[in-house]
Amino acid sequence: MLQNETVSRLNTSKKKTLVVETSTNWLDNIFYSKDDLSSLNMMGKPLMLYNVEKLLLQYDIDGITLPESFSGLCDMIQASFPRIQVDESNDIKQTGPDNIKIPINSVMTKPKGSEVYVARKMVYPWDILKIMHEVLNAEVTETVVSKNSSIAESAIVKGPCVIEDGVTVDDFSKIIGPIYMGKNSKVGTGSLVRHSMMGDETNIGFNCEIARSFFAGSTRVAHLDVVLDSIIGHDCWLGGFVGTTNVLLDKQTIRYKLDDVLVSTGLDQFGAVIGYGCSIGAGTIILPGRFVPPKSIVQAGTVFSK
């Protein structure tokens, strides 16, 4: 079994079957409508492909079993790993030494100081940010800039970064790693972006501050915005002067509403969770620990406190 447990080193003498299990989580409506993790990327790769790549470094896997109703995910894995037999089933013997079990909502990470990967479950939205930092610290250890990117001479790139094809960083911007910038992303003039993961085609306007945040991709952030400790779903628009506040005035632990119940995040810094397809009007301020439902249209000047 592999749930937050150490993965053994590669043993080529015995082939393994990877069993991907369903697991309760509160991630619906952030990146996808329901039970569709195929749209969630990690380091520019679909999450399940990213996980399989890491597991193959330590296991000889010849089969993968996913829960039924995940046909799209099954096809994607099969196309990427044609030598591995990929099946769907809800009726499989899931114990024994020849099976590796991971939750479908997990990310393979390498803890600091370790040479092996563990499966870290994403159960609550704030888990995404915790795991994002673990992945960045483990995977982004040097600066790798694509020759097909464009970095202005006056821009500063400091610390380990991965900057993919088609990325543009304009004049007087500052990028502080560890950071991942996906394909065709852009950072506008004078913006500061640090310790974040930006999915493909994330466009940051001029004079913005982005810190410790996860962008799923295909999102546009206008000018003079501040996005801190936040999670942004696919295909969002943030107008000018938008801010996601991340600290309560009384410095207390931030709470987040799950099924109409406020639960503690255990964090004293946590911004907004913005679902996919949202449009946030200019001048909007989103209070700490708030969830903006998918496809919401938030009128300009709103103080979002729901």
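Of note:
- Between the range 215-254 and the range 162-188, the Cα center-to-center distance that results, in Å: 18 Å
- Amide hydrogen proximity for Leu267: with H placed 1.01 Å from N in the peptide plane, the residues at 5 or more positions away or on another chain lying under 5 Å are Ile254.
- Set of lysines near Lys110 by C-alpha distance (under 27 Å), chain-local residues within fewer than 8 positions excluded: Lys14, Lys15, Lys16, Lys45, Lys54, Lys101, Lys121, Lys130, Lys158, Lys183
- Working note: Karplus 6.51/-1.76/1.60 with θ = phi - 60° gives the range 160-170 the couplings x, 9, 10, 10, 8, 4, x, 6, 10, 10, 7 Hz, where Gly and Pro are set to x.
- Carbon/sulfur fraction of accessible area - the range 116-158, other protein chains in place, 1.4 Å, %: 45 percent
- Degrees, to the nearest 10: 47-56 long Cα axis against longest axis of the chain: 50 degrees
- Sequence ranges 290-300, 167-177, ranked by mean other-Cβ count within 10 angstrom, highest first: 167-177, 290-300
- Top of Ala272, Ala79, Ala282 by mean-square fluctuation, Gaussian network on the chain, Cα under 10 Å: Ala79
- Low-density loop positions, GluC sites (Glu not before Pro), the range 102-193 - DSSP coil, at most 12 other Cβ in 10 Å: Glu115, Glu142, Glu153
- Amide H to amide H, with H built 1.01 Å from N, Ile204 comes under 5 Å of Lys186, Val187, Gly188, Val221, counting only residues 5 or more places away or on other chains.
- Phi-derived couplings, Karplus 6.51 cos²θ - 1.76 cosθ + 1.60 at θ = phi - 60°, listed residue by residue for the range 20-31: 9, 9, 6, 7, 5, 7, 10, 9, 4, 6, 9, 10 Hz, with x used for Gly and Pro.
The values are calculated or read from the model by the stated rules, or taken from the named source; none is laboratory data. In this text the structure is predicted, and so the values were computed from the model without any measurement. Don't worry about glycine lacking a Cβ; one is built from the backbone with ideal geometry, like all the others, and counts go over all protein chains shown. Just the protein is used for accessible areas: all its heavy atoms, side chains included, with ligands, DNA and RNA removed. Shrake-Rupley method; radii C 1.70, N 1.55, O 1.52, S 1.80 Å.
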